[in-house]
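Student: Just dropping this structure here.
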Amino acid sequence: MRKKIMNQFFHSQLDELIQQRGESNGAVGAAVGVSHVQIGKYRRTQMPSGDVLYRLAGHLGVSMEYLLTGKDPTAGRVMEAPPSRVTKSDLLAVQKEIEAAVKTAFESLAKKI
């Protein structure tokens, strides 16, 4: 149940941020290295992999936690865009960040339910 709520929040959050920027699915997809079709799926039903979540957050200028929960521990919405080519060591570092963000997000949502 909590995962479903978090997923729905992510989809609406992503959709809202893309609309605010006035970007197409194609433009966002090109910026983060996935197809426009995949961006559409992320906006509606699917969750991205950790590395794509990282690139989406960077492209949209928010933290991964903000995308997942609407809360940003830094209280800001500005991030440097990640590099377009991600190395294996980058992915391992990001994986740890994602695991921590997801844990925090689930704990936050659990308190609301």
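Student: Quick check on the range 54-61. Is at least one of its residues at pLDDT 90 or above, small (Gly, Ala, Ser), out of contact with any Lys or Arg (no Cβ under 9 Å at 6 or more places or on another chain) and part of a loop (DSSP other than H, G, I, E, B)?
Tutor: No, the conditions are met nowhere in the range 54-61.
Student: Quick one: is residue 86 touching a Lys or Arg at 6+ places or on another chain (Cβ under 9 Å), assigned to a loop (DSSP other than H, G, I, E, B) and at pLDDT 70 or above?
Tutor: no
Student: Suppose we filter 29, 33, 40, 22 for residues that are surrounded by fewer than 22 Cβ atoms within 10 Å (Cβ to Cβ), in contact with a Ser or Thr (Cβ under 6 Å, 6 or more places away or on another chain) and free of Cβ contacts under 8 Å to residues at least 60 places away in the same chain; which single one remains?
Tutor: None of the other options fit; the residue is 29.
Student: If you don't mind, there's one more thing I want to ask. Go through 5, 18 for me and flag whichever is assigned to a helix (DSSP H, G or I) and modelled with pLDDT of 85 or more.
Tutor: It is 18.
Student: Same structure, new question: Quick one: in the range 9-58, which of the residues that are in contact with a Pro (Cβ under 8 Å, 6 or more places away or on another chain) and aromatic (Phe, Trp, Tyr) is nearest to residue 105 (Cα to Cα)?
Tutor: Looking at residues that are in contact with a Pro (Cβ under 8 Å, 6 or more places away or on another chain) and aromatic (Phe, Trp, Tyr), I get 54.
Student: Considering (1) modelled with pLDDT of 90 or more; (2) under 23 Å from residue 95 (Cα atoms), say which one residue 27 fails and leave the rest.
Tutor: (2)
The values are calculated or read from the model by the stated rules, or taken from the named source; none is laboratory data. None of these values were measured; they are calculated from a predicted model. Quick reminder, even Gly has a Cβ in these numbers, built from the backbone with ideal geometry, and neighbours come from all protein chains shown.
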